[in-house]
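Input: a single structure, listed below in structure tokens.
Please treat every number below as a calculation from the coordinates, not as lab data. Every value quoted in this text rests on a predicted model; they were computed, and no experiment measured them. Counting neighbours? That spans all protein chains shown, and the Cβs are built from the backbone with ideal geometry, glycine included.
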Amino acid sequence: MEEWRLWVHEQDEQVLLTVPISRPDEYPTDHAAQTAHGCAFIAAENRQTYQATPEDLNAERWAQYRLFRDIFGNPFRPVAFEPAWRTDTAIAVARQMYDSRDFGAMPILADALQDAGCEVEAILNHCRDANQPHVRGCWVVDLVLGNE
């Protein structure tokens, strides 16, 4: 059985936490979301200070979760990316965002991908979600640029 491994610091020690996974196609979508949320929860707990309020911790958990989803998407529901969608326009927009670390053009990338024939809702919705933070390593930008 495969497992996700996550190193966290607890009381000046590194602790390896593992999250077992079976074949991704056997995982229901809600379980994938719970796994991602669990990893974000652990990361937030690792940043906990004694002065943090429950609201602060909850906000940190959600921030970690959103970053996790930006980088990995839904790892249990991978999408197929067609090379034909890598048009000059899509690559130029993705490259500009990647190099500048300014991801304000994500909706433009969605339009470029759609113009190239992409109809995958997971990709288009990710690009157009105004509440989704984006960072280097964004799974859609990496797909467009051909990053592994």
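Over segment 83-145, what lengths in whole Å, largest first, do the semi-axes of the equivalent ellipsoid take, defined as the square roots of 5 times the eigenvalues of the alpha-carbon gyration tensor?
Numbers: eigenvalues 50, 37, 17 Å².
Here the semi-axes work out to 16, 14, 9 Å.
Calculated FRET efficiency, ASP102 to ALA80, Cβ-Cβ distance, R0 = 41 Å: about 0.90 to the nearest 0.05. Relative to one another, the C-alpha centroids of segment 125-142 and segment 52-98 are positioned 4 Å apart. Each of LEU145 and ALA130 was given a label point 7 Å from its Cα along the Cα-to-Cβ line. The distance between the two points is 2.7 nm. Restricting segment 45-131 to trypsin sites (Lys or Arg not before Pro) that sit in a DSSP loop and have at most 15 other Cβ atoms within 10 Å of their own Cβ leaves ARG47, ARG101.
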